[in-house]
Amino acid sequence: MRQRGSTLLEVLVAVTLLTLVFLVVSQDMLAAVGAQSEAGANSTAVSEANYLLSQIQSDSNFWNNGSNWSGYAPIVNNCSFPTLNGTYTQPIPGSSDPNAWQALPAGCGGNDNLKFMWSATQKNGDTNAADIAIWVKTNQGVYELHGMNKVDPSALTLSTAPPISPLPTPTPSPTATPTVKPSAPPTATPSPTPKPSPTPKPSPTIAPSPTPTPQPTIGV
């Protein structure tokens, strides 16, 4: 009986351990599948947004109305796309989505199952450049892409002279007041060089008188 009870306890422990291992492995597999699904959805959204941007950049009628695209709906390859007036607002948690998502028309290419919005606005005051914003909705969230569309301004022809603006009238310069030069101080007249004093002549040396010759003594 003791041996049979020990065997039953070992079986229960083994089953418990196997169950825990199975749960851990299953959780990792579910996380991997979810990450793979999210990566696939993001890749599809990126591809869709790039496709829509390329349609705008290849639209030959995009610049016909200048820089006003609020009511413009592109027509590319005989396919009518939605109007370029979308604005994305992030939904408040627990409330419904307030954005006006639009489906890609059938036959226009891309992924018909993804909904999107897009807009075109003038870029930094440049009438020859447009900022294109595209939002693509997926089950994982919203992918946003910003691109640019531009056109080169028409070049001047030889028969058309460029507009010449009148030259501004130069402001007369104020007359300069002459600067009065200070008078130079008078130059002092140099004093005459003093003449050297005459060298005194030496007094003449008086010759000594000659010594008289003694007279010869005459004997008596």
**Request:** Quick one: what are the phi-derived ³J(HN,Hα) couplings along segment 73-87, Karplus 6.51/-1.76/1.60 with θ = phi - 60°, whole Hz, x for glycine and proline?
**Result:** 10, x, 10, 10, 6, 6, 10, 8, 9, x, 5, 8, 9, x, 9
**Asked** With a ≥ b ≥ c the root eigenvalues of the C-alpha gyration tensor of segment 72-125, is it rounded (a/c under 1.5), prolate (a/b larger than b/c) or oblate?
**Response** oblate
**Request:** Could you please state, rounded to a whole Å, how far the C-alpha centre of segment 101-139 is from the C-alpha centre of segment 50-78?
**Result:** 10
**Item:** Theoretical FRET efficiency, 1/(1+(r/R0)^6), r = Cβ-Cβ of L18 and S43, R0 45 Å, to 0.05
**Value:** 0.75
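Bear in mind that the values in this text are calculations on the coordinates, not laboratory data. A quick note: this is a predicted structure, and the numbers were derived from the prediction, not measured. We place every Cβ from the backbone using ideal geometry, glycine too, and count neighbours over all the protein chains shown.
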